[in-house]
Amino acid sequence: MPKPFADKLNALSHEQRSFITSGDAVKFIPERQLEHELASRSPESLEKLINDLMGIARQMSYSPERDMGAAPLNLKTKNFVWALRTPPALRDDKREAGPFSVHRYLHPKSGVPTFGGAKVAIWPEDLIAGNVDVAIVGVPNNMSSGRRDAGRAPNQMRALNTIATPDIQSLIKPFEILSVVDYGDIYFDWISIERTVDHVVEMIAETAGTGAIPMIVGGDTSMLYPGVKGVAKMHGAGSFGLLHFSAHPDAERFEDHTVSDRQAMYLLLEEGIVNGGDTIQVGLRGPDVDVETLQWLQDKGVFYHTMAEIQRRGFSKVLKRVRKEVDRGPEAFFVSIDVSALAPAEMIAAGRLQAMGLGIEQVTQTVRYVCAAKEIVGFEITDLAPMLDYSRLSVTHANAVLNACLVGIAVRKAGHKPNYVHPLSLDHGQR
């Protein structure tokens, strides 16, 4: 606290001084205005101001006499168990278990849109019978912060058939190496993230339990928490690393809700679902990146990379650093992409848009490498709000990111090194 204010502060009570020096006061009055009031007010007037601000703080805090500890549900509803799945007794027993086509033609150009034209699976026994490598599942959740339209992302990514395209480096076609299915959408409560979380955890754990890799297409980033938690329920908490591309650290520690997109990473680290030393964040920037948050991430052991680092050192050097961190990390990784990691010029449809950011080639290059270098236990792409970009460039780039991971998994399964390039793709061979 500046010395000119010391005498006035000494005249205040201990509680009043703590309210100012702790920083609590600046939540209710701008810092520069507080400095002005400290400099210009008499001790008596200053004491009244601080008492008024403390009164506001008390009004804003939780009071069991005034505030609900939880939002009540309608106990008379006939749809209380909204995520109840069809019991085995009512399933069609005539169909043999396994993935099946929903397309009219040999090449899937007509019929029901699916991710990359993939076959469909409905039940875990379909995944097991089909020896499925990757189950792409939509979670069209749309309740957290930012510009809202994330609920339409899964169907928009299905409709634009740019998944499963050949990899220009390896010339591998991922669907020829991998067994990939569209596992439909997970149902959720339209007005309650809290009610949705447990169901998503259960569904993702069930999917991972079949041996298939759950690839989650959001939906907003609040689903990062149950997505990773579901995988951890199957593979074990702390048994895999987390690579998270995002503009936002999602490490809000003081939010008034129990889970949101801004809290997902905080919950994963605080609950020990992933270890800080096995977590890598890339592309951080914007108003949520402050000294306190970065210090908290550092204290947790997180390897974070801000756009300041990328701008100062260059992406190639930062990419090399990220690769080393991945290589030194656990054998298994969960890869998460919040599309806000990309620059607005290449991802205008980000729900939580943030200036600057990474290029699509930088993100896909890194994702492809990690998905080829490590065993992937889960993947997630979130926060795409399609209606904000009528050009569909954003959807194209979202599909490219998902496809980059599919390619990486296929490269690894084919027995190639992560940086493998087919000779014909690298050089025409003419002399």
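The values are calculated or read from the model by the stated rules, or taken from the named source; none is laboratory data. Here the structure is a predicted model, which is why all the values come from computation and not from measurement. Please note: Cβ atoms are built from the backbone with ideal geometry, for glycine as well, and neighbour counts cover all protein chains shown.
Residues in the range 323-359 that are in a helix (DSSP H, G or I) and buried (at least 20 other Cβ atoms within 10 Å of the Cβ): Val326, Val339, Ser340, Ala341.
The range 28-139 holds helices (runs of 4 or more DSSP H) entirely within its bounds, and those carrying 3 or more residues that are under 33 Å from the mean Cα position of the chain (by Cα) map to 124-129. The residues of the range 385-413 that are farther than 14 Å from Leu160 by Cα and at pLDDT 95 or above, listed by number, are Ala404, Cys405, Leu406, Val407, Gly408, Ile409, Ala410, Val411, Arg412, Lys413.
Residues that are touching a Lys or Arg at 6+ places or on another chain (Cβ under 9 Å) and of a type in the set (Val, Ile, Thr) do not occur anywhere in the range 137-151. Scanning the range 155-206 for residues that are hydroxyl-bearing (Ser, Thr, Tyr), outside any helix (DSSP H, G or I) and surrounded by 16 or more Cβ atoms within 10 Å (Cβ to Cβ) yields Thr162, Thr165, Ser170, Ser179, Tyr183, Tyr187.
Where helices (runs of 4 or more DSSP H) fall wholly inside the range 217-317, the ranges with 3 or more residues that are crowded, with 23+ Cβ neighbours inside 10 Å are 224-235, 264-270.
Of all residues in the range 120-139, exactly one satisfies the criterion of being surrounded by fewer than 21 Cβ atoms within 10 Å (Cβ to Cβ) and touching a strand residue (DSSP E or B) at 6+ places or on another chain (Cβ under 6 Å), namely Val120.
Val421 - would you say it is at pLDDT 95 or above and either part of a loop (DSSP other than H, G, I, E, B) or surrounded by 19 or more Cβ atoms within 10 Å (Cβ to Cβ) (or both)? For Val421, the condition - at pLDDT 95 or above and either part of a loop (DSSP other than H, G, I, E, B) or surrounded by 19 or more Cβ atoms within 10 Å (Cβ to Cβ) (or both) - is not met. Look at the range 7-22: where a residue is farther than 16 Å from Ile56 by Cβ and a partner is acidic (Asp, Glu) and surrounded by fewer than 17 Cβ atoms within 10 Å (Cβ to Cβ), sitting 6+ places away or on another chain with Cβ atoms under 7 Å, you get Leu12/Glu47. Return a yes/no flag: does the range 4-20 have any residue that is hydrophobic (A, V, I, L, M, F, W, C), over 40 Å from the mean Cα position of the chain (by Cα), closer than 24 Å to Glu292 by Cβ and part of a helix (DSSP H, G or I). Yes, the range 4-20 has at least one match.
Exactly one residue out of Ile29, Ile20 is touching a helix residue (DSSP H, G or I) at 6+ places or on another chain (Cβ under 9 Å), more than 12 Å from Lys8 (Cβ to Cβ) and not assigned by TED's automatic domain parsing to the domain that holds Glu292, and it is Ile29. So, Leu342, is that one at negative phi, out of contact with any His (no Cβ under 8 Å at 6 or more places or on another chain) and modelled with pLDDT of 95 or more or not? So Leu342 fails the test.
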